[in-house]
Amino acid sequence: MNNTKIAALLHRVRETNPLVHNITNVVVTNFTANGLLSLGASPVMAYAAEEVADMAKIAGALVLNIGTLNETEVNAMLLAGKAANQHGVPVIFDPVGAGATNYRTDTSAKIIRELAVSVIRGNAAEIANVAGEKSEIKGVDAVQAQGNVVELAQSTAKKLNTVVVITGKDDVISDGSTTYIVRNGHALLTKVTGAGCLLTSVIGAFAAVEHNLLEASAAAVSAYGVAAEIAAAKTAGSGPGTFQIEFLNELFLLSSNEIEQYSRIEKLG
Ligand code: ATP
Ligand code: TZP
Ligand code: MG
Ligand code: MG
């Protein structure tokens with residue numbers, strides 16, 4: 001994985017326009033759909049038990065996000081996930097707030113137990129809680145990165161047999177044997193609700209066009225971070241509202257040259 005490959009995968013997303021089926025939370029639905037459209041993917045939100053299996057099996061990726069979970073929605077996620085598994089559609093999971101309540105922790109465990117999840121993305125506390133370690137979390141926001149995030153990503157990936165993406169100031173992407181660190185992004189992303197959730201769906205878009213899900217995830221994280229850096233530079237002196245709009249613009253405008261120049265990805269081994 002290098003900057004040229006990241007640019008090539010972004011190009012492939014835009015050419016392919018993959019359908020990304022999201023079962024996500026009520027906070028971020030519109031932002032997620034607009035972000036995927038700007039990127040060049042085709043979003044759909046479908047939640048009814050009557051249709052989720054049909055939608056998931058024709059999608060390029062299925063994104064499950066427990067941000068505002070309830071039993072009806074969790075059941076729909078399991079139905080959609082089983083259909084995705086049967087049809088070889090990658091399942092990307094965002095365990096929003098895992099560890100904040102027992103319901104979120106237990107539901108995350110259930111999803112991972114009952115489905116073959118391809119990629120899990122969360123902040124360090126969410127991933128630690130998904131891995132069965134207790135880690136402090138305040139609602140849906142990580143309190144602070146605790147312990148060795150690289151080790152946490154590697155051990156969780158091995159334990160759950162999946163790609164793990166831990167985001168924060170630096171992002172760690174691991175399949176348990178190969179690990180990447182991405183040093184892109186901007187602190188203003190933490191002031192936009194859904195910046196993490198949209199990234200999970202953007203990973204879905206890349207996973208829809210690249211079978212190597214470790215590389216798909218790392219490329220998505222880096223491209224996303226570069227778009228944020230450019231948006232922050234263009235809106236310097238302004239606040240999160242202006243940044244949010246410009247960030248959507250940059251997902252649309254982001255060029256191969258900018259990725260070549262600004263992607264900061266390192267392979268750890
Ligand atoms: P949280 O709820 O803890 O904020 P999240 O699910 O919103 O988590 P983040 O960890 O904030 O997700 O990651 C979303 C995006 O923001 C990622 O691209 C990540 O690299 C970026 N990011 C987060 N914090 C920073 C930071 N301090 N500096 C630069 N980029 C950041
Ligand atoms: N409450 C439940 S879901 C949600 C909030 C605020 C959105 C979380 O979005 P992100 O991407 O984890 O910041
Ligand atoms: Mg956030
Ligand atoms: Mg989140």
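General observations
- Using only side-chain charges placed at the Cβ, +1 for Lys and Arg and -1 for Asp and Glu, the dipole size of region 159-266 relative to its Cα centre rounds to 340 debye.
- Set 191/234; 82/134; 5/82; 110/267; 5/169 screened for pairs whose C-alpha atoms are more than 20 Å apart: 82/134; 5/82; 110/267; 5/169
- Note on the chain: with charges restricted to the Cβ of Lys and Arg (+1) and Asp and Glu (-1), its dipole about the Cα centre is near 260 debye.
- Loop-located trypsin sites (Lys or Arg not before Pro) in region 154-184 (DSSP state not H, G, I, E or B) with no more than 12 neighbouring Cβ atoms inside 10 Å: 169.
- Normalised contact order of the chain, rounded percent, pairs of Cα under 8 Å and 6 or more residues apart: 21
- Virtual spin-label span in nm between residue 267 and residue 15, 7 Å along Cα→Cβ: 2.2
- Dipole of region 3-267 computed with +1 at Lys/Arg Cβ and -1 at Asp/Glu Cβ about the Cα centre; of 11, 253, 128, farthest Cα towards the positive end is 128.
- Dipole in debye (nearest 20) - region 125-211, about Cα centre, beta carbon charges: Lys, Arg +1; Asp, Glu -1: 120
- For residue 185, distant residues with modelled amide H under 5 Å away: 226, 229
- In the chain, excluding the sites themselves, the longest stretch lacking any of the GluC sites (Glu not before Pro) that are in a DSSP loop with at most 14 other Cβ atoms within 10 Å is 137-269.
- Surface analysis of region 71-178 yields an accessible area of 44 Å² per residue, using protein heavy atoms and a 1.4 Å probe.
- The portion of the accessible surface of the chain made up by carbon and sulfur, rounded to a whole percent, is 50 (1.4 Å probe; DNA, RNA and ligands excluded).
- MRE, 222 nm, helices only [DSSP H, n ≥ 4, -39500 (n - 2.57), over the chain, to nearest 500]: -16000 deg cm²/dmol
- Of 46, 216, 125, the one that fluctuates the most in a GNM where the chain has Cα springs shorter than 10 Å: 46
- Based on alpha-carbon atoms, the Kirkwood radius and the radius of gyration of region 129-269 give Rg/Rh equal to 0.96.
- Cα-based Rg / Dmax (Å) for region 142-208: 12.3, 33
- Phi angles of region 51-60 translate, via the Karplus equation with coefficients 6.51, -1.76, 1.60 and θ = phi - 60°, into HN-Hα couplings of 10, 4, 5, 4, 6, 4, 6, 9, 7, x Hz per residue; Gly and Pro are given as x.
- Treating r as the C-beta distance of residue 30 and residue 252 and R0 as 22 Å, the FRET efficiency rounds to 0.85.
- Computed from phi, the 3J(HN,Hα) profile of region 240-248 under the Karplus parametrisation 6.51, -1.76, 1.60 (θ = phi - 60°) reads x, x, 5, 4, 4, 5, 5, 4, 4 Hz, with x in place of Gly and Pro.
- Region 207-269 and region 92-142: distance between their alpha carbon centers, rounded to Å: 24
- The radius of gyration of the Cα set in the chain, together with its Dmax, comes out at 16.7, 49 angstrom.
- Of the trypsin sites (Lys or Arg not before Pro) found in region 54-150, those that fall in a DSSP loop while having at most 12 other beta-carbon atoms within 10 Å are 134.
- Summarised in one figure, the compactness ratio Rg/Rh of region 56-193, Cα atoms and Kirkwood Rh, is 0.95.
- Using all pairs of distinct alpha-carbon atoms, the Kirkwood hydrodynamic radius of region 1-64 works out to 12.6 angstrom.
- Under 13 Å of direct C-alpha separation, and excluding same-chain neighbours fewer than eight residues apart, residue 158 reaches these aspartates and glutamates: 175.
The values are calculated or read from the model by the stated rules, or taken from the named source; none is laboratory data. As the structure is a computational prediction, the values presented were derived from the model and not from experiment. Positions of Cβ are generated from backbone atoms using ideal geometry, with glycine treated the same way; all protein chains shown enter the neighbour counts. What goes into the accessible areas is simple: the full protein's heavy atoms, side chains included, and nothing from ligands, DNA or RNA. Shrake-Rupley method; radii C 1.70, N 1.55, O 1.52, S 1.80 Å.
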